[in-house]
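Any read-out appearing in this document is the output of simple, stated calculations on the displayed coordinates, not a laboratory observation. These figures come from a predicted structure and were not determined experimentally. Here the Cβ positions follow ideal geometry from the backbone for every residue, glycine too, while neighbour counts run over all protein chains shown.
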Amino acid sequence: DGGITQSPKYLFRKEGQNVTLSCEQNLNHDAMYWYRQDPGQGLRLIYYSQIVNDFQKGDIAEGYSVSREKKESFPLTVTSAQKNPTAFYLCASSSNPFGGEGSEQYFGPGTRLTVT
Amino acid sequence: SQQGEEDPQALSIQEGENATMNCSYKTSINNLQWYRQNSGRGLVHLILIRSNEREKHSGRLRVTLDTSKKSSSLLITASRAADTASYFCATSPRAAGNKLTFGGGTRVLVKP
């Protein structure tokens with residue numbers, strides 16, 4: 001059963017704590033992406049990775065960090081430096097990291113993070 | 001501001017009616033994609049239209065692209081209650097690889 005999994009579905013943390021969100025895909029896709037979605041809004045790109053051991057900042061990378069040590073895994077750490085971390089986080093992957101054929105993105109179910 | 005902006009922000013229709021939503025963007029693109037999101041879920045890819053295409057169909061979906069006006073439209077024909085969702089356009093700007101920029105979405109309610 002191919003797809004993208006994110007865990008956990010809901011996550012609660014105290015302010016000042018770092019937290020890591022998991023994203024795993026078994027689609028053999030080269031590219032993976034992390035987005036943030038606030039209520040009633042569209043998605044904003046946090047980080048993306050076009051290939052293993054490489055990643056680039058998106059539009060709102062401050063306060064976040066990622067790693068891409070394995071093709072199938074792209075964990076996101078929300079650090080205490082992120083001023084407003086409460087949001088819905090979505091992970092995605094695509095077979096083509098450069099646009100064109102195969103550039104449609106497949107999304108996981110998301111993790112809703114609440115920081116109090 | 002986001003590259004893609006959808007219009008209207010919300011749409012309420014009766015089952016069986018057509019739903020049309022529009023997307024405008026600002027820079028040259030490789031392609032434009034439409035996604036659907038059910039409440040609290042991940043996004044599902046609906047259709048991709050390349051910059052050299054003008055119209056594309058997939059089942060009850062029809063997408064148009066006018067690069068001279070930097071705009072696209074998504075038409076859902078014969079809507080069903082199950083079409084109730086938010087719909088997002090996402091643009092892939094030229095020279096940006098596959099970095100997608102999403103609009104704020106159109107929330108569609110299909111009443112039975």
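Couple of notes before you dig in:
- Spin-label zone in region B:24-41 - amide nitrogen under 13 Å from a point set 7 Å from the Cα of residue A:38 along the C-beta vector: none
- Computed over chain B, the ratio Rg/Rh where both radii use C-alpha atoms and Rh is Kirkwood: 0.96
- Structural size metrics of region A:1-44, computed from C-alpha coordinates, are Rg and Dmax of 13.2, 37 Å.
- Candidates A:37, A:99, A:67 compared by Cα position along the dipole of chain A: farthest toward the positive end lies A:37, with charges placed on Cβ.
- Given A:57/B:69; B:56/B:111; A:70/B:99, the pairs whose alpha carbons are separated by over 23 Å: A:57/B:69; B:56/B:111
- Region B:72-95 versus region A:1-54: alpha-carbon centroid distance in Å: 23 Å
- The modelled label-to-label distance between residue B:57 and residue A:112, using points 7 Å beyond Cα along the C-beta direction, is 3.9 nm.
- Residue B:15 sits among other residues whose Cβ lies under 12 Å from its own Cβ, and their net charge, with Lys and Arg +1 and Asp and Glu -1, is 0.
- The value of relative contact order for chain B, using C-alpha pairs under 8 Å at least six residues apart, is 39 percent.
- Within region B:14-112: Cβ-based charge dipole about Cα centre, in debye rounded to nearest 20 (Lys, Arg +1; Asp, Glu -1): 240 debye
- Chain A: C-alpha gyration tensor shape, a/c 1.5 cut-off, then a/b vs b/c: prolate
- Placing +1 on each Lys and Arg Cβ and -1 on each Asp and Glu Cβ, with no other charges, gives the protein assembly as shown a dipole about its Cα centre of roughly 260 debye.
- Using a Gaussian network model of chain A in which every pair of alpha carbons under 10 angstrom is joined by a spring, one finds that among A:71, A:57, A:83 the greatest mean-square fluctuation is at A:83.
- Net charge contributed by nearby residues that have their C-beta within less than 14 Å of residue B:53 (K/R +1, D/E -1): +1
- Length-normalised contact order for chain A - Cα pairs under 8 Å, 6+ apart - percent: 34 percent
- Inter-site label distance for residue A:79 and residue A:27 at 7 Å from Cα along Cβ, in nm: 2.9 nm
- Placing +1 on each Lys and Arg Cβ and -1 on each Asp and Glu Cβ, with no other charges, gives region A:1-99 a dipole about its Cα centre of roughly 260 debye.
- 10 Å Cβ neighbours from other chains, averaged over peptide B:45-53: 2
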